[in-house]
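Student: Below: one structure in structure tokens.
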Amino acid sequence: MNPALAERLRTADVVLAVGTRITDVASDSYTLILAPNPEQLLIHFRPEAHEVGRVFRPEMGFEAGVAAASASLVALAPPDARAWDLWTQSAQEAFLGFGELPPRRTRGPPAWTSPRPCIRCGRRCPTMRS
């Protein structure tokens with residue numbers, strides 16, 4: 001998991017969980033969201049009623065799938081001002097930047113080739129390790 005986003009989840013005021021069971025993998029072995037009583041205010045939407053509150057005790061729990069939960073949330077009136085816009089933008093940038101690959105090498109042999117020639121073909125082969 002992206003460490004920057006894990007820290008955001010750990011220090012969040014509210015967690016809106018839609019459709020997820022919030023497993024030990026998603027909660028980083030229950031360290032990001034503490035079971036059974038999360039430090040964050042937890043709002044949990046899950047299609048199976050028996051899953052809501054099974055591991056975590058939400059402040060509000062709803063038996064609803066992703067489509068029904070989304071429709072309910074979209075129907076809510078938006079706030080006049082959103083104090084969290086910069087926080088959200090920063091979180092999105094951390095998310096997008098986490099998966100970026102480093103720039104490709106443009107000169108020289110690949111880092112994984114052997115400095116010695118291969119005994120079969122005489123070239124520096126990826127299968128020939130130092």
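Student: Specify which of the listed residues (G53, G19) is touching a Phe, Trp or Tyr at 6+ places or on another chain (Cβ under 7 Å), of a type outside the set (S, T, Y) and on the phi > 0 side of the Ramachandran plot.
Tutor: G19
Student: Okay, next question. List the pairs whose first member sits in the stretch 35-60 and is closer than 18 Å to D24 by Cβ and of a type in the set (G, A, S), whose second member is at pLDDT below 95 and surrounded by 13 or more Cβ atoms within 10 Å (Cβ to Cβ), and whose Cβ atoms are under 8 Å apart, counting only residues at least 6 apart or on separate chains?
Tutor: A35/S27; A35/V55; A35/F56
Student: Hey, could you check the stretch 7-26 for residues that are assigned to a loop (DSSP other than H, G, I, E, B) and of a type outside the set (S, T, Y) and say which is farthest from the chain's Cα centre (by Cα)?
Tutor: D13
Student: Only one residue in A35, A17, A6 is under 16 Å from F95 (Cβ atoms) and surrounded by 13 or more Cβ atoms within 10 Å (Cβ to Cβ), so which one is that?
Tutor: When all the criteria are applied, what remains is A6.
Student: Confirm whether Q40 is modelled with pLDDT of 95 or more and among the polar types (S, T, N, Q).
Tutor: yes
Student: Further, regarding this structure: Within the stretch 49-84, can you find the residues that are surrounded by 14 or more Cβ atoms within 10 Å (Cβ to Cβ), outside any helix (DSSP H, G or I) and hydrophobic (A, V, I, L, M, F, W, C)?
Tutor: Answer for the stretch 49-84, where residues must be surrounded by 14 or more Cβ atoms within 10 Å (Cβ to Cβ), outside any helix (DSSP H, G or I) and hydrophobic (A, V, I, L, M, F, W, C): V52, V55, F56, F62, A64.
Student: Right, something else. Considering every residue within the stretch 85-99, establish whether at least one is modelled with pLDDT under 85 and part of a loop (DSSP other than H, G, I, E, B).
Tutor: yes
Student: Kindly indicate which of E51, E63, E100, E59 is of a type in the set (D, E, K, R) and within 17 Å of M1 (Cα to Cα).
Tutor: The unique qualifying residue is E100.
The values are calculated or read from the model by the stated rules, or taken from the named source; none is laboratory data. Nothing here was measured: the structure is a model prediction, and the numbers come from that model. We place every Cβ from the backbone using ideal geometry, glycine too, and count neighbours over all the protein chains shown.
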